[in-house]
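Reading through the structure tokens given below for one structure.
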Amino acid sequence: MAASALTEDRPPELNSASEPPPLFDGTTRLYINYQCPFAQRTWIVRNYKGLQDEIKLVPIDLQNRPAWYKEKVYHVNKVPALEHNGKVIGESLDLVKYIDANFKGPALLPDDPAKQKFAEELLDYSGTFLQNVYGSFKSDPIKAAGAEFDYLETALSKFDDGPFFLGQFSQVEAVYAPFVERFQIWIQAQWGYDITSGRPKLATWFQEINKIDAYKPTKSDPDYQIQLFKNRFLA
């Protein structure tokens with residue numbers, strides 16, 4: 001069973017007028033943005049492993065970023081970033097693996113070598129998946145991105161011991177779910193198409209992932225996401 005996410009209040013976003021937290025004081029901090037899918041990946045892992053007390057969330061307003069974030073925390077000036085043991089680590093894929101490997105809590109990779117290998121294949125493919133789906137929004141994603149959702153359907157058929165990519169909830173869910181969630185919202189809203197149509201494994205995956213306590217509090221606001229996609233692809 002997945003670890004339950006503790007109920008926690010969302011800290012307010014820090015902006016250009018906000019003072020920094022006491023940086024590098026021994027506190028482990030995960031810098032995120034509540035609407036950023038890359039940051040959501042790491043937020044899910046943090047929740048699943050039950051690290052709400054050990055890893056503090058520090059949300060950053062990406063539209064009005066505090067200068068100290070780039071100057072003193074993460075020179076790349078993006079989220080997510082993890083302040084841990086006197087250093088800062090970035091890049092969501094790296095952080096998903098790092099948090100899973102370096103903190104207590106349920107493992108998000110199984111011991112089965114075949115599943116580990118498949119996980120690496122799926123994680124490696126995630127960049128291509130995103131590029132192809134985002135690229136389809138200037139044309140017709142029902143046709144242009146159909147192969148990508150078929151890819152997920154096929155991947156979900158690899159193991160039959162659970163509804164997730166490796167059978168059980170894993171790093172792969174944390175990496176793909178934030179984006180598939182948004183793609184489902186946008187394609188349904190703009191083209192009236194359900195990406196799970198004709199893809200029963202993907203439909204079940206959606207149902208089951210929405211039962212995961214670690215995932216539920218990280219979900220994005222659908223109306224916000226629709227407007228974001230409109231601004232990006234229809235402007």
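To keep it simple, each residue is scored yes or no on (1) among the polar types (S, T, N, Q); (2) farther than 26 Å from Asp124 by Cα.
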{"position": "Tyr31", "(1), (2)": "no, no"}
{"position": "Thr42", "(1), (2)": "yes, no"}
{"position": "Pro66", "(1), (2)": "no, yes"}
{"position": "Leu93", "(1), (2)": "no, no"}
{"position": "Lys104", "(1), (2)": "no, no"}
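Scanning the stretch 105-115 for residues that are touching a residue at least 12 places away in the same chain (Cβ under 8 Å) and in a helix (DSSP H, G or I) yields a count of 1. Residues of the stretch 185-210 that are out of contact with any helix residue (DSSP H, G or I) (no Cβ under 9 Å at 6 or more places or on another chain) and over 23 Å from Arg41 (Cα atoms): Gly192 alone.
Residue-level analysis places Ala145 outside the set of residues that are outside the structural domain of Arg41 (by TED's automatic domain parsing), touching a Pro at 6+ places or on another chain (Cβ under 9 Å) and buried (at least 19 other Cβ atoms within 10 Å of the Cβ).
Counting the residues of the stretch 85-104 that are surrounded by 15 or more Cβ atoms within 10 Å (Cβ to Cβ) and either free of Cβ contacts under 8 Å to residues at least 24 places away in the same chain or at positive phi (or both) gives 5. I'm checking my understanding of the structure. Among residues of the stretch 173-212 that are among the aromatic types (Phe, Trp, Tyr), touching a residue at least 40 places away in the same chain (Cβ under 8 Å) and surrounded by fewer than 19 Cβ atoms within 10 Å (Cβ to Cβ), which one is nearest to Pro37 (Cα to Cα)? Filtering the stretch 173-212 for residues that are among the aromatic types (Phe, Trp, Tyr), touching a residue at least 40 places away in the same chain (Cβ under 8 Å) and surrounded by fewer than 19 Cβ atoms within 10 Å (Cβ to Cβ), the one nearest to Pro37 (Cα to Cα) comes out as Phe179.
Is one or more of the residues making up the stretch 156-172 more than 17 Å from Phe38 (Cβ to Cβ), in the same structural domain as Val45 (by TED's automatic domain parsing), polar (S, T, N, Q) and in contact (Cβ under 8 Å) with a residue 12 or more places away in the chain? No. For the stretch 105-115, residues that are crowded, with 16+ Cβ neighbours inside 10 Å and touching a helix residue (DSSP H, G or I) at 6+ places or on another chain (Cβ under 9 Å) total 4.
The lone criterion from (1) over 14 Å from Thr218 (Cβ atoms); (2) crowded, with 16+ Cβ neighbours inside 10 Å left unmet by Trp68 is number (2).
Among all residues of the stretch 33-53, there is none that is over 25 Å from Ile209 (Cα atoms), touching a strand residue (DSSP E or B) at 6+ places or on another chain (Cβ under 7 Å) and of a type in the set (Val, Ile, Thr).
Here's the yes/no breakdown for (1) in contact (Cβ under 8 Å) with a residue 12 or more places away in the chain; (2) over 16 Å from the mean Cα position of the chain (by Cα); (3) assigned to a helix (DSSP H, G or I):
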{"residue": "Pro22", "(1), (2), (3)": "no, yes, no"}
{"residue": "Arg41", "(1), (2), (3)": "yes, no, yes"}
{"residue": "Gly50", "(1), (2), (3)": "yes, yes, no"}
{"residue": "Arg65", "(1), (2), (3)": "yes, yes, no"}
{"residue": "Glu83", "(1), (2), (3)": "yes, yes, no"}
{"residue": "Lys117", "(1), (2), (3)": "no, yes, yes"}
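The values are calculated or read from the model by the stated rules, or taken from the named source; none is laboratory data. Because the structure is predicted, anything quoted here is derived from the model rather than measured. Positions of Cβ are backbone-derived with ideal geometry, glycine not excepted, and every protein chain shown enters the neighbour counts.
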